Amino acid sequence: MVFLGKPSSDCLPCRKRKLRCDLRRSGCGQCQRAKLLCHGYRNPNELIVRDETIQTKQKALARNVELSSSPPQTLQLSWEVRAREAFFTDYVSGFSRSYDDLAPLLGQTSATGHLAASVDAVSVALMSFRSNAPLLRQLAKEKYVAALQKTGQALRIPEISATDETLQSVLLLDLYEKLVNQNPLSSVAWMSHVVGAISLVKSYGDRIIVTQTGRRLATRLAMTLAISCGAARTRIPEPLLSLREDLSFLVGDTKWDFTAIVVDVVNLRADIASLRITSSSEVAELAKKLDRQLESLETTLPPFWAAQSVSISAHPLLFGSSYDAYQDHFVTQVRNAFRTVRLMLNGLIQKHCPPEMCGLRNDAANVIKVLTEQICAAVTPFVLSGDQQGMDGRFSSLQTLQCYTLIPPLYIAGQLSSNHALRNWAVYVMDHMAEAGRMKIAKDVANILRLTPEVDYWQVYSMVGCYALAA
């Protein structure tokens, strides 16, 4: 507020002409003589104080604009918004092939419902996993608790529980557990969500396979439960076998056929761990049988899944004289999955093969040599790309996700290979990933391979979160 003093009572024409007004009641004499229209006299009590708040604010803002040498800052987005944006951009759209139905499902549901809450929990968990930030870990836990509560409420309502939306929420909660809990043998929650999802699917009856979305969700459940059992060293539960049988008439691709063999491999490892199978020769024979099945299945892969060999000059990130380039990361990941499971089986053959079956042992050694070198050749394009493009050496966000899935194959290749140069190269590449991709877990696995290479492959697989990152 600005005090202006006592205002003049003169009429407006006199004030403008700077004349002394005679203030006559009948009208200003000065205006009459000049034949001007008189507007009357002002109230002497008005406008002693004038509100100039707006004008003062405008003047202050104008001064700030003139004095400021930097552009105005943009609005800072919350961690939840940033995490969800990164989840859909980098993971759902850019990396994974398993979540094509998530965005349409999310668009049909409430923004405050259990599916949205589950997406928030997984989004923050993935960002926390990649950044290793304590603040984000705590926020992810809070989001997870909220998602658990909302999903639990939905499961208690029959007309809501038997929906694709609810099954998707449960699968996302399982995804959260695999990102956060990296020890399947010590975490009760490691299996709880997928086992609950199987019960949920059973309650659906045949409705789950009527819609395309339902079939895709059930297929992903079947695949992820098999992997969960492998990491937990437990046999595949009977409900999963029944679900696979129901889906077999509707789903038919290489990945599905591959996981059918993985089911048998998981059961074999569980039977060995539980001493259900104690005969060394039986273990070796069963492992060889499964290895032949995988080798045969590989011959049915489409021609465009074959590698293109690329020769380049010597480079620290190249093992040998050439590397293998595949159509895309998905093909690379599936091909490495074949190699990894075959390496597991041939490792079992070497470990359990009795002396009288030395031919089988020698065959396993040759297979291991070929497969480990193929894994190394498949890794190079993904760690070399930034260097070839002349960038600052840092991995892109997508490249970092891709490299996470290369760590377990690299580990088992270095673990089983009798070639010390190959093991040292695998350690070097993981050290490079840790530096270029800010991937702390790559450094951790490199140290395991360097110091304690007897650590089980599935433990490393769980540490890296590859269950969650399977394309």
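The values are calculated or read from the model by the stated rules, or taken from the named source; none is laboratory data. Every value quoted in this text rests on a predicted model; they were computed, and no experiment measured them. Reconstructed Cβ throughout: ideal geometry from the backbone, glycine too, with neighbour counts over all protein chains shown.
Could you look through segment 167-187, keep only residues that are among the hydroxyl-bearing types (Ser, Thr, Tyr) and modelled with pLDDT of 90 or more, and pick out the one that is farthest from Val119 (Cα to Cα)? Let's see the steps before the verdict.
Step one: list which residues in segment 167-187 are among the hydroxyl-bearing types (Ser, Thr, Tyr), which gives 169, 176, 186-187.
Filter once more, keeping what is modelled with pLDDT of 90 or more: 169, 176.
Details: Ser169: 8, Tyr176: 9 Å.
Result: Tyr176.
Output the number of residues of segment 241-260 satisfying the condition of being among the charged types (D, E, K, R), touching a helix residue (DSSP H, G or I) at 6+ places or on another chain (Cβ under 8 Å) and either over 17 Å from Gln293 (Cα atoms) or outside any helix (DSSP H, G or I) (or both). Give the derivation first.
The first filter runs over segment 241-260 and keeps only residues among the charged types (D, E, K, R), leaving 244-246, 253, 255, 257.
Of the ones still in play, those that are also touching a helix residue (DSSP H, G or I) at 6+ places or on another chain (Cβ under 8 Å) are 244, 246, 255, 257.
Cutting the leftovers down to either over 17 Å from Gln293 (Cα atoms) or outside any helix (DSSP H, G or I) (or both) gives us 244, 246.
Residues flagged as among the charged types (D, E, K, R), touching a helix residue (DSSP H, G or I) at 6+ places or on another chain (Cβ under 8 Å) and either over 17 Å from Gln293 (Cα atoms) or outside any helix (DSSP H, G or I) (or both) within segment 241-260 amount to 2.
Select the helices (runs of 4 or more DSSP H) contained entirely in segment 419-464, then report the ones holding at least 1 residues which are among the aromatic types (Phe, Trp, Tyr) and either assigned by TED's automatic domain parsing to the domain that holds Ala133 or surrounded by 18 or more Cβ atoms within 10 Å (Cβ to Cβ) (or both). Quick ask: steps written out before the conclusion?
Working: elements: 420-436, 440-451, 457-464.
Fully inside segment 419-464 and qualifying: 420-436, 457-464.
Every residue in segment 328-346 that is out of contact with any Ser or Thr (no Cβ under 8 Å at 6 or more places or on another chain) and among the aliphatic types (A, V, I, L, M), please.
Scanning segment 328-346 gives Val331, Ala337, Val341, Met344, Leu345.
It is to be established whether one or more residues within segment 256-265 are free of Cβ contacts under 8 Å to residues at least 24 places away in the same chain and more than 21 Å from Tyr461 (Cα to Cα).
Taking segment 256-265 as the starting set, the residues that turn out to be free of Cβ contacts under 8 Å to residues at least 24 places away in the same chain are 260.
Now restrict to residues that are more than 21 Å from Tyr461 (Cα to Cα): none.
There is no residue in segment 256-265 that is free of Cβ contacts under 8 Å to residues at least 24 places away in the same chain and more than 21 Å from Tyr461 (Cα to Cα).
For segment 102-128, enumerate the residues that are within 15 Å of Leu173 (Cβ to Cβ) and free of Cβ contacts under 8 Å to residues at least 12 places away in the same chain.
Matches in segment 102-128: Ala116 only.
Hey, could you check segment 231-277 for residues that are modelled with pLDDT of 90 or more and in contact with a Phe, Trp or Tyr (Cβ under 9 Å, 6 or more places away or on another chain) and say which is surrounded by the fewest Cβ atoms within 10 Å (Cβ to Cβ)?
Looking at the filtered set, the residue picked out is Phe258.
Mind listing whichever residues of segment 285-320 are over 17 Å from Phe258 (Cβ atoms) and not in a loop (DSSP other than H, G, I, E, B)?
Glu285, Leu286, Lys288, Pro303, Phe304, Gln308, Ser309, Val310, Ser311
Give the number of residues within segment 322-356 that are more than 28 Å from the chain's Cα centre (by Cα) and over 19 Å from Ile272 (Cα atoms). Reasoning before the result, please.
Residues of segment 322-356 more than 28 Å from the chain's Cα centre (by Cα): 322, 345-356.
Adding the requirement that they be over 19 Å from Ile272 (Cα atoms) leaves 322, 355-356.
Looking only at that region, the number is 3.
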